[in-house]
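Okay, structure first, notes after.
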Ligand SMILES: C[S@@+](CC[C@H](N)C(=O)[O-])C[C@H]1O[C@@H](n2cnc3c(N)ncnc32)[C@H](O)[C@@H]1O
């Protein structure tokens, strides 16, 4: 299942059974998605694949925050890196554990991570912070900065204000919406980030090594040729000061 397929189908007017099913499912929260559909995201993201080498170091220990059903956690593990996956939803962690019994997964909230300061040499947080209100986002970044060691690497992906879904649904506050019909997880809050906002948020604790946009979907790794569909994600590589 993929967000891109929803967009492609609706825009080209080519209604497949798949899209009809998704229309019934829209406005869902991740809890319902995991319960009813299971592991919708199975392959590691391109950003993860392109940057996993940055996590490789002596005595590496990585935390995958909001790991979902563990697609990226498994990929990091396969590279021989010690990794822990956490997600606030038991439904996701259950599936993650079934898929990879050798990996340590646990239920935890990114706003109150159950780990001591400086526990990790790297943190991965892919498409998690956007599901929060601004104050919660600041708290998550504080928590990430607390658990990662000086010199540790952060790999972070999130949604951009340039995404064409911005503005759909009910506006909660600046760049923040709920009930986005074209998103499989439209029942979740979505905060759309500007570059400046991300740099200001992370720059308090991290040196930004790279920040760039991509328009391919993290959910299925495909490119879209349809110019009216803009799936715009930020990808950030940062190093803890
Ligand atoms: C879009 S999914 C991404 C999952 C995974 N990072 C991936 O790329 O496959 C968002 C996930 O973040 C989790 N999540 C959202 N807020 C969270 C929080 N405060 N603490 C932990 N997990 C959270 C959700 O439960 C969901 O599994």
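A few points about this structure:
- Our Cα-only numbers for the range 106-167 put the radius of gyration and Dmax at 12.8, 39 Å.
- Virtual spin-label span in nm between residue 195 and residue 208, 7 Å along Cα→Cβ: 0.8 nm
- Pair residue 170, residue 42: separation of 7 Å Cα→Cβ label points (nm): 3.5 nm
- Along its three principal directions, the equivalent ellipsoid of the range 15-240 from the Cα gyration tensor extends over semi-axes of 26, 21, 17 Å, largest first.
- Mean Cβ neighbour count within 10 Å, used as a protection proxy, ranking 32-40, 147-155 highest first: 147-155, 32-40
Coordinate-derived values only; no laboratory data. Remember, predicted model here, so these are calculated numbers, not experimental data. Here the Cβ is made from the backbone with ideal geometry for all residues, glycine too, and neighbour counts use every protein chain on show.
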